[in-house]
Amino acid sequence: VSPIMASRAHHRLNRIAAQMALVTFSAPPLTSIVSREIRCPGRSAPLRRLSVAASALEEAIKPVLGSDVTSLETPQLLIIADRLEKNLKSVFTHLPDTIAVRPHAKTHKSPVIGQMQIDAGACGLCAAKLSEAEALVKGGCLDVCITNQVVGRGSIARLARLAAIPGARVSVCVDSKDNIAEIAAAMREHKVSGFEVLVEINVGQNRCGVEPGAPAVEIAKAIEAEGPTLKFQGIHAYHGANQHVRQPEERKGTVDGKVASGVKLTLEGLEKAGIKCPVVTGGGTGSYLFEAGTGLYNEVQPGSYIFMDVDYSKNLQSDQKPGPGVFSPSLFILSTVVSVSEQGWAVVDAGMKAVSLDSGAPRIVTLDTLKHVPNVEYICGGDEHGILKKTDGSPLRYSVGDMVLLQPGHCDPTVNLHDYFTVVSKRQAGGSGSWFVKEIIDVAARGPGH
């Protein structure tokens, strides 16, 4: 049984239990029948009437299991199954057993893939925001750390309801005393005890987080003062910008310098104050091995490793060559050539609504071999279009109807543009034969939140 299918079966009972307990707010479902009268100016009677089964429309759009990839509607978000399964295991390469892996689910936003990561050895999951944590817990992934601040009465009440679900282990990061007091009050109202809170410290990104050392210790004391309702669980020290520094020596230098010094200063302050620090967590796909090597961390949070985008593939490895390291790119957008110009360019049906461009353009990849197409660049053509052009002046050999794969520049926001993943595999063992649809996985936590 493949890890994908095994994980779906494994967490079904957890998912059902969480769904029964979680209070959610959602829009009412679409009506099964959509009827509409179309009237034109000057006409007293309707021109025609449409009566369509909405559920039938939805089923017509979603791929059919077992169908050939070339039959799919595009643009379509694909996962290459064997590469995904390889990445699930490869994240533990070169990590000592003393370092736990808590993958960041903001990358895939899916409790199904999250459960696959847990089955592969992860201790739990991270979420970037409350709505992601809700979707993960509802889907059966019960151990979730929200690596951000949850602020506002309504959001904090939702956090408390989530923490009150039997079996759920939800934690959150803070960097202010007022936020701590508000969280404690909500937890008491919902009869939650021992809710785990981490102090986020600023280790150089200058985003969220209290300053290391004495200021961080004061926040930890404020958490302890709210015991037994709240429990100080540790410190969160993450430097996001360092993940994409190209030279590995520079990434390591930042971790060994600014990051490690902030963590060490805070740990020393906590020890002097007599406060135990069970968890030191942080690091991402580009640096987690360096955090693990400091001797200060006991948990790391890589996320993009599961898919590996173009931006991460530009990072230089130890051999000074760019590439994904021990991981393999597994996420692509299937796109179709819809127009070819006599002036030397082609247009595909994947624009800004299908692929994120915040970290640069996607890379063109062949559908049959998954190899990068050299000397062809993607240029934004607007919401619905991408323009392919040759960079070396040679002819562009595409025809209308040809299918190409786009490896996204940034996987996280690209995933957020889609409702589901289409997991594909080769029909024959050994990687030969045509691609077929193996599984459909919903992107359950997509969107800006509720």
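The values are calculated or read from the model by the stated rules, or taken from the named source; none is laboratory data. Because the structure is predicted, anything quoted here is derived from the model rather than measured. So basically every Cβ, Gly included, is an ideal-geometry build from the backbone, and we count neighbours across all protein chains shown. Ligands, DNA and RNA are stripped out before the accessible areas are found, and what is left, the full protein with its side chains, is counted by its heavy atoms. Shrake-Rupley method; radii C 1.70, N 1.55, O 1.52, S 1.80 Å.
Of all the listed residues (GLY381, GLY386, GLY393), the sole one being more than 20 Å from the chain's Cα centre (by Cα) and modelled with pLDDT under 95 is GLY393.
For the residues ALA260, ALA241, the requirement of being assigned to a helix (DSSP H, G or I), farther than 18 Å from VAL174 by Cβ, open to solvent by less than 40 Å² (accessible area, probe 1.4 Å) and touching a residue at least 12 places away in the same chain (Cβ under 8 Å) singles out ALA260. If you go through segment 316-335 and keep only what is at pLDDT 95 or above, under 16 Å from ILE306 (Cα atoms) and small (Gly, Ala, Ser), you end up with SER328, SER330. Being open to solvent by 70 Å² or more (accessible area, probe 1.4 Å) and either modelled with pLDDT of 95 or more or not in a loop (DSSP other than H, G, I, E, B) (or both) is the filter here, so list the residues in segment 360-373 that pass it. Those that are open to solvent by 70 Å² or more (accessible area, probe 1.4 Å) and either modelled with pLDDT of 95 or more or not in a loop (DSSP other than H, G, I, E, B) (or both): LYS371, HIS372. Among the residues of segment 312-328, those identified as part of a loop (DSSP other than H, G, I, E, B), over 11 Å from GLY286 (Cα atoms) and open to solvent by 40 Å² or more (accessible area, probe 1.4 Å) are SER318, ASP319, GLN320, LYS321, VAL326. The residues of segment 60-83 that are in a loop (DSSP other than H, G, I, E, B) and under 16 Å from SER335 (Cβ atoms), listed by number, are PRO63, LEU72, GLU73, THR74, PRO75. Of the residues ALA160, ALA164, the single one that is over 23 Å from the mean Cα position of the chain (by Cα), over 19 Å from THR281 (Cα atoms) and open to solvent by less than 20 Å² (accessible area, probe 1.4 Å) is ALA160.
When PHE232 is tested against (1) part of a helix (DSSP H, G or I); (2) under 28 Å from the mean Cα position of the chain (by Cα), only condition (1) is not met.
A single member of SER171, SER155 is touching a residue at least 24 places away in the same chain (Cβ under 8 Å), of a type outside the set (A, V, I, L, M, F, W, C), closer than 14 Å to PHE232 by Cβ and not in a loop (DSSP other than H, G, I, E, B), and it is SER171.
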